[in-house]
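A quick write-up on the structure given underneath.
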Amino acid sequence: MKLLITGGAGFIGSNFIFYMLKKHPEYYMICLDKLTYAGNLSTFASVMDSPNFRFVKADVCDRMAVYRLFEEEQPDMVVHFAAESHVDRSIEAPDIFLQTNIIGTAVLMDACRKYGITRFHQVSTDEVYGDLPLDRPNLLFTEETPLHASSPYSASKASADLLVLAYHRTYALPVTISRCSNNYGPYQFPEKLIPLMIINALKGKSLPVYGKGFNIRDWIYVEEHCKAIDLILHEGKNGEVYNIGGDNEMRNIDIVKLICKLLGKPESLITYVADRKGHDMRYAVDFTKIRNELGWKPEMKFEDGIQNTIHWYLDNKTWWEEIIGGEYQNYYEKMYVCR
Ligand code: NAD
Ligand code: TDX
């Protein structure tokens, strides 16, 4: 089995490659990644020389490069992670989100039609459903919830999902879509809430909480997401959408306070800053469908997952110090100083 994994040098894609190399050592894995600011080749140091792994630097929007790779490798399945993934950046500059997340998905699916595959899997997000109110805790996103994206990022992901379903209906392309909640774990780029707070706390820097910190996310340990995608690839039905959730709703402020506690840092580091524009209040995922149809449910408790994550950032300082020593500093200044 040959798998083409796009965006594999990013957070979830790299965790997925590590998971699959262990789970299916007989598979051949090709990672296609543009290596944007979010992609990191050093993540692959331990697998770069594996005979069943190949890295190719390319842009998913580059039709010629994508077709060339399909011609050369003839992958059986495509798992499409590559995307611009940060909501705050999409608010500053939407264009690249439309380009990569929508056009890039179309280019890949065109290649799948041209060369033939057994499955194109779109890694989507619960954010395509918009948000839920805080005062109706029983409301959850199901696969039937209408798409109602709030940010340029989530609108671009929702557009891509619609295209994926259109390619299935129009061209009978064998597709599946998964819509997962907020992931956390090793190798997450430090622009996202949890690694940003861990790293700032370690450095004794202020911890910038947007608004009052009452927004709720449903956090899932990244390996649980990887397991679910593996299952969908092998047992999911073409044309179907599967929600993936952590069964773990938490307020941002409670996460940040927990990180302070686990690192032995004072809560006085917490600083309330201007809210995100159009900030989604609450995400909560009903994953009954994948539980009933494929037998998946999240196993990792948040208390354990967050400990693992903190330990990983403590043990892998070179990985993130290289990141925060570069272009990230300009990003941080632009987004947080005088916010
Ligand atoms: P990430 O930003 O950490 O990684 C994205 C990767 O895609 C990087 O390696 C980057 O170099 C690559 N990439 C970007 N543009 C590219 C292009 N034009 N061509 C080729 N490669 C390109 O993102 P992530 O958090 O790992 O998210 C992966 C996928 O999962 C995304 O599609 C995202 O929408 C989805 N998702 C993320 C979460 C989450 O909590 N992080 C939750 C649900 C779904
Ligand atoms: O400095 C911060 N302070 C803060 O209060 C940051 C970076 C975030 N926040 C808040 C905003 C959100 O309510 O924390 C929450 C989580 O923020 P992010 O980590 O940026 O994630 P979110 O916007 O929820 O989106 C994530 O989950 C769904 C991923 O980035 C998406 O790619 C995924 O689709």
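Every number here is computed from the coordinates shown, using simple stated rules; none is lab data. These numbers were taken from a predicted model, which means no experiment stands behind them. Every residue, glycine as well, gets a Cβ built from its backbone with ideal geometry; the counts of neighbours run over all protein chains shown.
In terms of other Cβ atoms within 10 Å, Cys226, Cys112 run from fewest to most in the order Cys226, Cys112.
Counting every other Cβ atom within 10 Å of each residue's Cβ, Arg282, Arg54, Arg179 order from fewest to most as Arg54, Arg282, Arg179. Counting every C-alpha pair in region 208-339, the share spaced more than 26 angstrom apart comes to 39%.
Pairwise inverse Cα distances across region 59-201, averaged and inverted, put the Kirkwood hydrodynamic radius at 16.5 Å. Every Cα-Cα pair of region 130-270 was included, and the share exceeding 17 Å stands at 69 percent. A cut-off under 14 angstrom between Cβ atoms defines the neighbours of Ile198, and their net charge, with Lys, Arg +1 and Asp, Glu -1, is +4. Near the amide H of Tyr242, within less than 5 Å, lie the amide hydrogens of Ile177, Ser178, Arg179, all on another chain or at least 5 residues away, with H placed in the peptide plane. Neighbour counts of C-beta atoms inside 10 Å place Glu191, Glu293, Glu303 in the sequence Glu303, Glu293, Glu191, starting with the fewest. Compactness ratio for region 230-290: Cα radius of gyration over 2.2 N^0.38 Å (N = residue count) comes to 1.69.
The Cα-based radius of gyration of region 2-109, divided by its Kirkwood radius, gives an Rg/Rh of 0.97. Give me the net charge of Ser124's neighbourhood, meaning all other residues with Cβ under 12 Å from the Cβ of Ser124; Lys, Arg count +1, Asp, Glu -1. It works out to a net charge of -2.
Computed log10 I(q)/I(0) for the chain at 0.14 Å⁻¹: -1.17, from the Debye equation with unit scatterers placed on every C-alpha and solvent omitted. In this structure, the pairs whose alpha-carbon distance is over 31 Å, taken from Lys34/Lys334; Lys23/Lys57; Lys34/Lys114; Lys57/Lys212, are Lys57/Lys212.
3J(HN,Hα) couplings calculated from phi for region 303-314 with the Karplus curve 6.51 cos²θ - 1.76 cosθ + 1.60 (θ = phi - 60°) are, in sequence order, 4, 7, x, 6, 4, 4, 5, 4, 4, 4, 5, 6 Hz; Gly and Pro show x. Among residues other than Gly104 with Cβ under 14 Å from its Cβ, the summed charge is -4 (Lys and Arg +1, Asp and Glu -1).
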